[in-house]
Structure formats: structure tokens, C-alpha cells
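K.L.:
Handing you a structure now.
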Amino acid sequence: MDLKIVGYLALGLSASVAFLYVAEQAGNRNSEAAFDVLRFGLIGAALIYVGFASLAKEWDWVLNVELGGVLLYGIFCILSKVHSKYWLAVGWAAHPFWDLFHLFDNGANFVPEW
């Protein structure tokens, strides 16, 4: 296995553990606060791609697709606040597919190869 991929996986795992720790600490004070941290993280994960597209000066349809992703994940967050927390789980479950989408076509031109 490529050591660079192992490094990216270790970095992602470390960031995930730290993120879940923050959510758990927020949950110790208020269970809704933990869900708010998870909502913020989901929107942040989508915004990262907007940043990549902006840095690569992909101002055409690519930036619009990325902003559409932020809107989509924002809808999941709103639904989880208004209706059921399961919508937040759906959003997080969909995120890896958003990552895979970026491995192909124009996404490979501006997203790091992790």
C-alpha cells in the first residue's frame, strides 16, 4: 500500500476522532449541542470543496456544483433539526459518495489526491 495513502487515512482518522471528541464534550452539556457540532461539521465538510474549487479558480459550473453540495447538506441539517436526527445520519452517510464523485471528471483537477 502506498505510504502517502496511509498517511492521508491516518490524518483523516485523527481528525475524525478529534471531531467526535468535540461533539461528545458538547453533548455532556446538552445533547442538542452535540448534534449542532455534527451539523456544523457536515456543512464544513461540504465547504471544503468550495474552497478547493475557489483556490483552483474553477469559477464555471464546478463552483456551482460545490455550492449545490453545501445547499444539499444544509437541507439535511435543517431536516435533522426540524424533523428527525436520522436526516443528519443520512447526510453523513452520503458524504463519502460526494468524496468519490470528486475522484472523477473535473473533481480530480482541483481536489487533492487524498
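The values are calculated or read from the model by the stated rules, or taken from the named source; none is laboratory data. Predicted model, so just to flag it, every value in this text is computed and none were measured. Because the Cβ atoms are built from the backbone with ideal geometry, glycine has one as well, and the counts that use them run over all protein chains shown. Areas reflect the complete protein model, heavy atoms only, side chains present, ligands, DNA and RNA absent. Shrake-Rupley method; radii C 1.70, N 1.55, O 1.52, S 1.80 Å.
K.L.:
Of all residues in region 59-105, which are farther than 10 Å from Tyr49 by Cβ and touching a residue at least 40 places away in the same chain (Cβ under 8 Å)? Step through it out loud before you land on a result.
P.N.:
Residues of region 59-105 that are farther than 10 Å from Tyr49 by Cβ, as a first pass: 59-61, 64, 68, 71-97, 100, 103-105.
Those that are farther than 10 Å from Tyr49 by Cβ and touching a residue at least 40 places away in the same chain (Cβ under 8 Å): Ser80, Lys81, Lys85, Leu88, Gly91, Trp92, His95.
K.L.:
Does Ser80 meet the test of being at pLDDT 75 or above, exposed (fewer than 11 other Cβ atoms within 10 Å of the Cβ) and among the polar types (S, T, N, Q)?
P.N.:
no
K.L.:
To continue, here is another question. Here are the criteria: (1) closer than 15 Å to Phe35 by Cα; (2) open to solvent by 60 Å² or more (accessible area, probe 1.4 Å). Tell me which single one Phe97 does not satisfy.
P.N.:
(1)
K.L.:
Here is a follow-up. Among the residues of region 11-43, write down those that are modelled with pLDDT under 75 and either closer than 20 Å to Ala93 by Cα or in a helix (DSSP H, G or I) (or both).
P.N.:
Once the filter is applied, which keeps residues that are modelled with pLDDT under 75 and either closer than 20 Å to Ala93 by Cα or in a helix (DSSP H, G or I) (or both), region 11-43 yields Leu11, Gly12, Leu13, Gly27, Asn28, Arg29.
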